[in-house]
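Have a look at the structure below, then the notes.
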Amino acid sequence: MAKQYDILCRLLMLGDSGVGKTCMLRRFTESEFDPSHISTIGVDFKMKTIEIDGIKVRVQIWDTAGQERYQTITKQYYRRAQGIVFVYDITNKPSFQHIAKWASDVDEYAPDKVQRILVGNKSDEELERQVTKDQGNKLAETFGMEFFETSASTSSNISESFTRVTELVLQAHKRDVDNLLGSLDEYLEKAALEDLQGSQDPDNNTPVPVPVRRKCHS
Ligand SMILES: Nc1nc2c(ncn2[C@@H]2O[C@H](COP(=O)(O)OP(=O)(O)OP(=O)(O)O)[C@@H](O)[C@H]2O)c(=O)[nH]1
């Protein structure tokens with residue numbers, strides 16, 4: 001059985017209801033866009049495997065409900081997040097103003113090492129724009145985050161933003177990743193050696209074990 005991925009990373013999407021979190025996630029994982037708005041209840045997640053610097057990363061992305069009434073549930077997911085995608089809607093100023101609140105919740109409930117990016121979604125709706133790109137950039141700078149404008153509708157910057165936050169997570173966990181890859185190399189060398197020895201011994205029928213799935217932090 002071929003190894004399917006090297007590392008698992010957990011991302012969390014946060015932002016007001018209707019900013020397009022579910023659509024962004026579906027665009028990234030399924031290359032689809034559904035214009036209807038069915039509010040997420042509590043949390044949901046989707047997975048996608050991407051390759052970064054030769055490492056196969058299984059990205060598990062948690063999509064949270066933006067509605068206030070689910071906040072008690074969704075906050076329970078902050079603790080295990082390694083990366084956060086804060087999303088606002090460029091055609092909805094209040095959703096932009098609320099980013100500060102989402103960010104302060106993350107400060108309170110997420111691990112210190114958590115990586116964050118800021119995303120202004122619905123960039124295809126230029127005529128309806130209420131938040132300028134410059135305002136987005138400045139807010140991101142204030143919080144020390146990288147900034148993207150995306151469109152789940154046209155797919156603009158969707159893959160780039162999810163890939164970037166995953167890269168930031170890998171960088172933040174670099175030592176863990178190096179250790180994992182180091183032990184994988186050792187393991188493969190050992191397995192190859194055993195395989196070679198086995199092939200020289202006609203009585204040796206031992207199967208070569210397959211690397212198991214591992215996570216990128218404890
Ligand atoms: N024009 C445009 N519309 C979008 C885009 N992304 C999402 N929408 C629309 O915005 C609405 C809300 O999208 P959702 O993805 O359901 O929003 P959400 O943030 O997941 O909402 P909650 O689950 O309630 O938190 C839907 O009607 C989408 O069609 C986009 O990039 N461009």
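Since every read-out is calculated from the coordinates, none of them should be taken as a lab result. From a predicted model like this one, the values you see are computed outputs, not experimental measurements. Here the Cβ positions follow ideal geometry from the backbone for every residue, glycine too, while neighbour counts run over all protein chains shown.
Points worth noting:
- Backbone geometry of segment 33-48 corresponds, through the Karplus equation with coefficients 6.51, -1.76 and 1.60 at θ = phi - 60°, to 3J(HN,Hα) couplings of 9, 10, x, 6, 10, 10, 4, 5, 9, x, 9, 8, 9, 9, 10, 8 Hz, x marking Gly and Pro.
- Per-residue packing, averaged as other Cβ atoms within 10 Å, sorts the ranges 75-85, 101-111, 34-44 into the order 75-85, 101-111, 34-44, beginning with the highest.
- For segment 111-156 versus segment 1-75, the inter-centroid distance based on Cα atoms is 17 Å.
- The simple spin-label model puts a point 7 Å past each Cα toward its Cβ; for residue 104 and residue 163 those points are separated by 3.6 nm.
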